[in-house]
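The values are calculated or read from the model by the stated rules, or taken from the named source; none is laboratory data. If you're wondering where the values come from, they're calculated on a predicted model, not measured in any experiment. Neighbour counts run over all protein chains shown; Cβ positions are idealised from the backbone, glycine included.
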Amino acid sequence: MTNAVIDFPRSSADCLMRLKEVLRVVPISRTTFYRWIKEDKAPSPIKAGPGISLWRRSEIEAMVRRWENER
């Protein structure tokens, strides 16, 4: 894992992210990410419909910052 700090773009609204976008920020496998959700290490998705899961950008940012503070 690199020591790069992730710079999230600032926006006035808390946007929602699809899984592909989340996995660009958190470079892990889909399987690992869903396991982390089960283990409460990652936020649960918002179910927007059949087969549509979304995550709040602020929750993903908070998760990454928690990891940075734990190092």
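Output the qualifying pairs, or none if there are none: Cβ atoms under 7 angstrom, residues six or more apart or on different chains, first residue in the range 45-67 and touching a residue at least 12 places away in the same chain (Cβ under 8 Å) and surrounded by 17 or more Cβ atoms within 10 Å (Cβ to Cβ), second residue of a type outside the set (Gly, Ala, Ser) and assigned to a helix (DSSP H, G or I).
Going by the 7 Å Cβ cut-off, the qualifying pairs are 53/19; 55/22; 60/22; 60/25.
Determine whether residue 43 is modelled with pLDDT of 95 or more, of a type outside the set (S, T, N, Q), within 12 Å of the chain's Cα centre (by Cα) and not in a helix (DSSP H, G or I).
Taking the combined requirement at face value, the residue satisfies it.
May I ask you to list the residues in the range 13-44 that are of a type in the set (Gly, Ala, Ser), exposed (fewer than 13 other Cβ atoms within 10 Å of the Cβ) and in contact with a strand residue (DSSP E or B) (Cβ under 9 Å, 6 or more places away or on another chain)?
Let us first name the residues in the range 13-44 that are of a type in the set (Gly, Ala, Ser), namely 13, 29, 42, 44.
Then drop every residue that is not exposed (fewer than 13 other Cβ atoms within 10 Å of the Cβ), which leaves 13, 29, 44.
Of everything in the range 13-44, just one residue is of a type in the set (Gly, Ala, Ser), exposed (fewer than 13 other Cβ atoms within 10 Å of the Cβ) and in contact with a strand residue (DSSP E or B) (Cβ under 9 Å, 6 or more places away or on another chain), namely 44.
Report every pair of residues separated by at least 6 positions or lying on different chains whose Cβ atoms are under 8 Å apart, first residue within the range 1-28 and farther than 18 Å from residue 45 by Cβ and modelled with pLDDT under 65, second of a type in the set (Ser, Thr, Tyr) and part of a loop (DSSP other than H, G, I, E, B).
none
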